[in-house]
Each structure stands twice: as C-alpha cells, then as structure tokens.
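Q: Sharing a structure with you now.
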Amino acid sequence: MTERTAVLEREPPRRTPVDQLRSGRLGLTLGLLRTARPRQWVKNVLVVAAPAAAGELFSPGAFLQLAIVFVLFTAAASAVYMINDARDAEADRAHPVKCRRPVAAGHVPVPVAYAVGGVLAVLAPTAALVLCNALTSALLAAYVGMQLAYCISLKHVLVVDLAVVTTGFLMRAMIGGLALGIPLSRWFLITTGFGALFMVSAKRYSEAVQMAGKAGATRALLNEYTTGYLRFVWQLAAGVAVLGYCLWALEEGGIAGTSLLPWRQLSMVAFILAVLRYAVFADRGTAGEPEDVVLRDRALAVIGLVWLAMYGLAVADW
C-alpha cells in the first residue's frame, strides 16, 4: 500500500450537498427541541393537580383529556421559551452559560425561533378551544400573554416578577380542573398558590445568596432584591400554604370518614414535614429548581411519597 493510498483511506468521505441539507435539518430540529426546554416539561404534570384534589383523576375520559391538556400546555410554554430566547439572543451570547442555548449559539436562526414560537402560541389556545373548552383556551391564551409580557418587561419589575412566575404555576394546577369542568376549591387555590410562591421566592433567595458580592448576576433584578426581603417572602408563603392546607384538612366536611384512620388529618404531618425539609435547602441558599431539589434529597422524596399516599387515601375517603 502506497503512502498516498493510506492517506486517502484515513480521510473521511466528503459530504454531498444532500448530506449537508439533511444534517442541517436534523440540527435545526434538535436545536428547536432543546430550545423548548424538555427538562422543564415535568412542571406541566401539575395539570393533574385539580382533578386529583377533587378525586376525579380516575373518572371516565379524564386521562385522555389531561394528556391533551399536558401537550397543549407544553406547547404554550415552549412557545414562550422560543420567543424569549430569540429576543435575548444577543445578550445570551455574552453570558458564560446561556451562550450555549441553540438560538444564541446560532444552531437555530432567530427568525425561525420567532416563527415556531409564534405558531405554537396561536396553535395551543386554538386547539384547546376545539379539543377542550373555552375556559381552557382562555387560560392558555392568558398564560402565553402573561409570560410574553414577563419576557419583555415584567421580569424587571420588583415583586411583579415573583407574582407572574407564581401565577404560571397556579395556572398549571388550575387548567386540568377547568378542562374537566371541576369546581376549584378555595383551599386548593390558596395552598397551591402560596406553595408555588414559597418555591419561587426560595429559588430567587438561593440565586441572590449565591450571587452575593459577584458582578453580573444572572437576573439583573436580583441586584434590587435584598436577601432579607426574599427570606421574608418565602417564610410568609410557607406559613400561609401550611395554614391553608391545615384548614382544608380540619374543615367540618372531612372529620368523619369510612376508613380506619383519619388520613385527611394525618396528611398534615407529612405536608408540614415536606415544607420544613424544603425550607432547609431554602435557608442554605441551595433551593434551585424544585424538581432538582426533590430528586436530589432522598428524605424529601420519601416524605413527598408518604404525603401523596395519605392525600390519596383522604380524597378517596370523601
């Protein structure tokens, strides 16, 4: 074998224009998928919260309807992520971590991100109107509008930014009930709303603690908040969430039951323990994404499963 032949054998085959086109399409598709934040889709499991709280999770047709709602809410949230990344592409390129996002890195052109995001933003509420009902469609449209307003300006407004993110979680928890026509309990709304505020403000507090004394915070608004204020918010929210849950557990309609044990009242213990355990990470300044905190701490995960079992037994005993 000659030296020239050996060199030719080591060289990779040249890519044809068709191969380059296919590779480009695949890269664009994967880039759009990454921009849609698949890791964040787990948050949309909250769409089952209202039906589960009402004991309607296993009613006929509930699973199919909730699966549709999950997909539609995921599409709406993905639309917001794509438009946000397209709008912040220039700023993200200067960030040490965000520069890896597909839009900022150039894997997804800005116009394409805007176009796909715009289509999803219109498609999700429209499909909800056809496949669910008008209330579900209206809530999805309100979610998209609120989140886009957050991306454009509201994320720079003190306190309002906390309220918008919290409301986004509350909307996730409400939409399953609206799709199935289930009345939303006042205790459900209070506990879910303030529970979400607890986690959101704990995350902001953790970010503020980690960025203390450092220039170039990942969120400019963190420079406006004090750690003392954010601590006050998450402590207040945790207290109200616990109070709301306890009032639900002790209200007159739930004292009597057919089961041997008062699961409704016993579930308070697990709920309070879960809040106290989560507060440990909040106090340390290590409460990042809620799903990461739960998966990272085995004790918290076990407490959560125990609470879920007790809550399920309490709902089934109505």
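Read-outs throughout are calculated quantities, based only on the coordinates presented, and are distinct from any laboratory measurement. As the structure is a prediction and not an experimental result, all values here were calculated from the model. Every residue, glycine among them, receives a Cβ derived from its backbone with ideal geometry; neighbour counts consider all protein chains shown.
Q: What would the Debye equation give as log₁₀ I(q)/I(0) for segment 26-156 at q = 0.11, 0.13 Å⁻¹, counting only Cα atoms as equal point scatterers?
A: -0.43, -0.58
Q: Compute the relative contact order of the chain as a whole-number percentage, counting only Cα pairs closer than 8 Å that sit 6 or more residues apart in sequence.
A: Once normalised by length, the contact order is 16 percent.
Q: For segment 26-156, what relative contact order do you get, as a whole percent, if you take Cα pairs closer than 8 Å and at least 6 residues apart?
A: Relative contact order comes out at 28 percent.
Q: Using the Kirkwood radius built from alpha carbon pairs, what does the Stokes-Einstein equation give as D for segment 77-149 at 4 °C and 1.567 mPa s, in µm² per second?
A: The Stokes-Einstein estimate is 101 µm²/s.
Q: Compute the helix-to-body angle for 110-131: its Cα long axis versus the longest principal axis of the chain, expressed 0 to 90° and rounded to tens.
A: 40
Q: Let me ask you something else. Using all C-alpha to C-alpha distances in the chain, build P(r) with 20 Å bins and read off the rounded percent in each one.
A: Result, from short to long distances: 27, 53, 16, 4, 0 percent.
Q: Placing +1 at every Lys and Arg Cβ and -1 at every Asp and Glu Cβ, with all other atoms neutral, what dipole size does segment 26-156 have around its Cα centre, in debye to the nearest 20?
A: For segment 26-156, the charge dipole is close to 380 debye.
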